[in-house]
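The block underneath contains the structure these notes are about, expressed in structure tokens.
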Amino acid sequence: MEKDKEFMELAIQEAQKCISTETAFNVGAVLVKDNRTLSVGYSREIEGNTHAEQCCLLKLKDIQDAKGATIYTTMEPCGKRLSGNVPCANLIVDAGIRRVVQGVREPETFVGESIGTLVLKKAGIIVEYLSGYEDQCLAVNIHLVHK
């Protein structure tokens, strides 16, 4: 789907805005409903060790706007957080998002086996990987992925 590619490319642009750190991935996200961008976000954009998907949701004026939406994210939403913040997969479920389009699975670097996709699917959310974007989604994390 051409729109999926367009929104994933926007998510990659968001990920490129991240200030790299040795303790977290650089991720970008775009929240979309009816082919209209509701919100964009990137890792650590908002104070408090925030993740990209979390930033998208925090920036909404009304969280109800997320119901039925699609979120495009360069990396699988986290299912575990070491920081004590609510995992992004849970935030997505709670917001009523209908579909998640991911660029790559979360590498095992920080939390071991990722469970984000499992949490989403268990809640009935459609989870898809957009092939062809793996290299671009990992490139913004070269400082962590290729050590």
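Structure data summary
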quantity	calculated
Residues that are touching a residue at least 12 places away in the same chain (Cβ under 8 Å) and either small (Gly, Ala, Ser) or within 15 Å of Lys80 (Cα to Cα) (or both), drawn from the stretch 113-128	Ser114, Ile115, Gly116, Thr117, Leu118, Val119, Leu120, Ala123
Looking only at the stretch 49-70, and only at residues there that are open to solvent by less than 10 Å² (accessible area, probe 1.4 Å) and farther than 21 Å from Lys121 by Cα, the one that is nearest to the chain's Cα centre (by Cα)	Cys55
Filter pass, Ile46 being under 14 Å from Gly28 (Cα atoms), crowded, with 18+ Cβ neighbours inside 10 Å and β-branched (Val, Ile, Thr)	no
Sole exception among (1) of a type in the set (Gly, Ala, Ser); (2) assigned to a loop (DSSP other than H, G, I, E, B); (3) within 16 Å of Glu9 (Cα to Cα); (4) open to solvent by less than 50 Å² (accessible area, probe 1.4 Å) for Gly103, by number	(2)
Long-range neighbours under 9 Å by Cβ, at least six apart or interchain, first residue under 14 Å from Ile46 (Cα atoms) within the stretch 1-22, second charged (D, E, K, R)	Glu14/Glu45; Lys17/Glu45; Cys18/Arg44; Cys18/Glu45; Ile19/Arg44
Among residues of the stretch 14-30, those that are part of a strand (DSSP E or B) and surrounded by 24 or more Cβ atoms within 10 Å (Cβ to Cβ), counted	3
Residues of the stretch 96-127 that turn out to be at pLDDT 95 or above and touching a Lys or Arg at 6+ places or on another chain (Cβ under 7 Å), as a count	4
Close pairs (8 angstrom Cβ cut-off, 6 or more residues apart or separate chains): without any contact (Cβ under 8 Å) to a residue 24 or more places away in the chain in the stretch 46-69, of a type in the set (Lys, Arg) anywhere	Ile46/Lys59
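So that you can scan it fast, the table gives a plain yes or no per residue for (1) outside any helix (DSSP H, G or I); (2) out of contact with any helix residue (DSSP H, G or I) (no Cβ under 7 Å at 6 or more places or on another chain):
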{"residue": "Phe7", "(1), (2)": "no, yes"}
{"residue": "Val32", "(1), (2)": "yes, no"}
{"residue": "Leu38", "(1), (2)": "yes, no"}
{"residue": "Cys56", "(1), (2)": "no, yes"}
{"residue": "Gly68", "(1), (2)": "yes, yes"}
{"residue": "Lys80", "(1), (2)": "yes, yes"}
{"residue": "Ser83", "(1), (2)": "yes, yes"}
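The values are calculated or read from the model by the stated rules, or taken from the named source; none is laboratory data. A quick note: this is a predicted structure, and the numbers were derived from the prediction, not measured. Positions of Cβ are generated from backbone atoms using ideal geometry, with glycine treated the same way; all protein chains shown enter the neighbour counts. The area values use the complete protein model at the heavy-atom level, side chains included, leaving out ligands, DNA and RNA. Shrake-Rupley method; radii C 1.70, N 1.55, O 1.52, S 1.80 Å.
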